[in-house]
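The values are calculated or read from the model by the stated rules, or taken from the named source; none is laboratory data. Only a predicted model underlies this, so the values are computations on that prediction, with no experimental measurement involved. As a convention, Cβ positions derive from the backbone with ideal geometry for all residues, glycine included, and neighbour counts pool all protein chains shown.
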Amino acid sequence: MAKEKDSSLLTYETHVRLTDEMRKLLAQKAKDEGISSNAVIQKAVSLYLTKDTMDESLLIAKMTDVQRQIARLKHEFDVKQKLDLEWYQYFFLFAPPIPQEEVGLRMQKANKDVQAFLQNFKHRAASIKPLIETIFGDMLEEEAGNGK
């Protein structure tokens, strides 16, 4: 029988020199996760060499941070919205009414502004070729070009 190599078997051995502080941290991490120091080193090297993966605890921490930021922004938005609504109620409750002659003047000015806008729009629209004329002109030019 031929022996087949299993790629999941660990076949390479290397030695790593660590400071006493790093050795203590490694032992603590192994104890916390309930795995051997060798397994902790393998996971660390794997995470370092494959940048596309992220440790689960880092991902959860990042998601928690994002959720906290969203909650803070939502709270700020709600507070600002409530303050705006309170201000509007206060303003419309206690603001003095506009005198009738001023209302009439404002309406006349608004009417003049609308008429000026419409007049300006008519002049600008007249200076632009109509869309249908442009489309038919393009079609006629295309037919004349194909007929030659």
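Residue pairs whose Cβ atoms lie under 8 Å apart, sitting 6 or more positions apart in sequence or on different chains, and linking a residue in segment 27-55 that is among the aliphatic types (A, V, I, L, M) and in a helix (DSSP H, G or I) to a partner that is at pLDDT 90 or above and exposed (fewer than 11 other Cβ atoms within 10 Å of the Cβ), are 30/36.
Just one of the listed residues (82, 51) is among the charged types (D, E, K, R), on the phi < 0 side of the Ramachandran plot and at pLDDT 95 or above, namely 82.
The residue list 144, 71, 125 contains one member that is surrounded by 10 or more Cβ atoms within 10 Å (Cβ to Cβ) and either outside the structural domain of residue 42 (by TED's automatic domain parsing) or not basic (Lys, Arg) (or both), which is 71. From the set of residues in segment 23-50 that are of a type in the set (Lys, Arg) and either closer than 17 Å to residue 10 by Cα or under 39 Å from the mean Cα position of the chain (by Cα) (or both), which is surrounded by the fewest Cβ atoms within 10 Å (Cβ to Cβ)? Ranking the candidates gives 43 first.
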